[in-house]
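Visitor: Once you've had a glance at the structure underneath, I'll fire off some questions.
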Amino acid sequence: MAGGGVGLGEFSGREDFEFDGGGSDYDALGVFGGGFDYFLVDNIALTAQAKYYFGFDPSVRFGAQRPELSNDQVVLSGGLRVYLDSLGAGERARAARSDPGRDSDEMRGYFALRAGKAYFTDRHTIPGIAIEESSGLWGNGGFGMNLNRHFGVELAIEGGRAQITSSTLGSITGYPVYTGAILGRARYPMFDDRVSPYVLAGGGIGFGETGDRDQPFSVTGFGGGNDISGIFVLGGGAEYFIEKNVAVGLEVKYTTLFETEVTVNGQPGELSPDYVSVSAGIRIFYP
């Protein structure tokens, strides 16, 4: 493979707060590489790739200077390629269109990949401190099994970066949050089984930790290590089958009873990073 595009380089996770530098910049880049696919079934393949990015030299600020930093790099990655047979041509495409994707009564496994946004519902549990909406995409995935037409079970994992702010100091630090839960899933296929609304509920654990600081600890007095909490999850969603083994959908989940310990000016405090996550993604079934 070969091609080109645009890259973004930016400063993040400052460690020396006396350093006079920063900024961000876009720059054109080229790429070439190769890889291979291993097909699990006719339309789903695991893939491995090696790509070399070159010519990526974003300009940054060092005091009054704006030098270019070379970000040429080799990237090794693994992933998944899903082919939509019904959108193609030939005998296989005609067969896929004559037997469109739909939910099934069969016991079959799946994995799901989603991304979206999280909104924290209990933001001011510590006076003067707030936990803000997630920055960047909120990742969401799971492995599970449909046991029959209506019921299933899933191991769901999700998380992302929250932001801790102060009413007087502004942004204090990033606060990564992750959860893992065992969920029961009940669905009701409809419209010729092409659409499957569902509800889910269960429990598990949540994890929070102080991340990249925006200001030094000597100024904010905010700290805290890794902390684990029990959680409860309730939610639902709907999916539309585009192939017999591929569905796309939307999902909303409320994660509550989430409590993590931090310190504020040497005193213990308790954050409650309860949140509502909204995500879109894909679910792939096997066999």
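Quick note: the coordinates plus some simple rules give every number you see, no bench work behind them. Owing to the predicted nature of the structure, the values given are computational and were not obtained by experimental measurement. Please note: Cβ atoms are built from the backbone with ideal geometry, for glycine as well, and neighbour counts cover all protein chains shown.
Visitor: Please list, ordered by chain and number, the residues whose modelled amide H lies under 5 Å from the amide H of E239; skip anything fewer than 5 residues away on the same chain.
Guide: Amide H to amide H, under 5 Å and 5 or more residues apart or across chains, E239 pairs with S196.
Visitor: Let me ask something else. Please compute, over every Cα-Cα pair in the chain, the percentage with a separation greater than 32 angstrom.
Guide: Value for the chain (Cα pairs over 32 Å): 44 percent.
Visitor: Take the alpha-carbon positions of the stretch 77-154, form their convex hull, and give its projected area averaged over all directions (one quarter of the hull surface) in nm².
Guide: 9.3 nm²
Visitor: Let me ask another. Starting at the first residue of the stretch 238-253, write each ³J(HN,Hα) from the Karplus equation 6.51 cos²θ - 1.76 cosθ + 1.60 with θ = phi - 60°, in whole Hz, x for Gly and Pro.
Guide: These are the phi-based 3J(HN,Hα) values: 8, 10, 10, 7, 9, 9, 4, 10, 9, 10, 10, x, 10, 9, 10, 9 Hz.
Visitor: Tabulate in residue order the Karplus-calculated ³J(HN,Hα) for the stretch 75-80, using 6.51 cos²θ - 1.76 cosθ + 1.60 with θ = phi - 60°, rounded to whole Hz; enter x for Gly and Pro.
Guide: 10, 9, 8, x, x, 9
Visitor: Taking the Cα centre of the chain as origin and charging only Cβ (+1 Lys, Arg; -1 Asp, Glu), how large is the dipole, in debye to the nearest 20?
Guide: So the magnitude is around 940 debye.
Visitor: Suppose each label sits 7 Å from its Cα in the direction of the beta carbon; what would the E261-Y119 distance come out to in nanometres?
Guide: 3.3 nm
Visitor: Please give the direction-averaged projected area of the C-alpha convex hull for the stretch 184-287, in square nanometres with one decimal.
Guide: Across all orientations, the stretch 184-287 yields a mean hull projection of 8.6 nm².
Visitor: When the helices in the chain are scored as -39500 (n - 2.57) per DSSP H run of 4 or longer and the sum is shared across all residues, what 222 nm value do you end up with, to the nearest 500 deg cm²/dmol?
Guide: Details: 2 runs with 12 residues, N = 287.
When only DSSP H runs of four or more count, the value is -1000 deg cm²/dmol.
Visitor: Please work out the C-alpha center-to-center distance from the stretch 250-287 to the stretch 208-225 and express it in whole Å.
Guide: 20 Å
Visitor: Over its Cα atoms, what ratio of radius of gyration to 2.2 N^0.38 Å does the stretch 1-83 give?
Guide: Rg over 2.2 N^0.38 Å, computed on Cα atoms: 1.50.
Visitor: Test of the criteria: in the stretch 1-58, which chymotrypsin sites (Phe, Trp or Tyr not before Pro) are in a DSSP loop and have at most 12 other Cβ atoms within 10 angstrom of their Cβ?
Guide: Counting only loop positions with at most 12 other Cβ atoms within 10 Å, the chymotrypsin sites (Phe, Trp or Tyr not before Pro) in the stretch 1-58 are F11, F17, F19.
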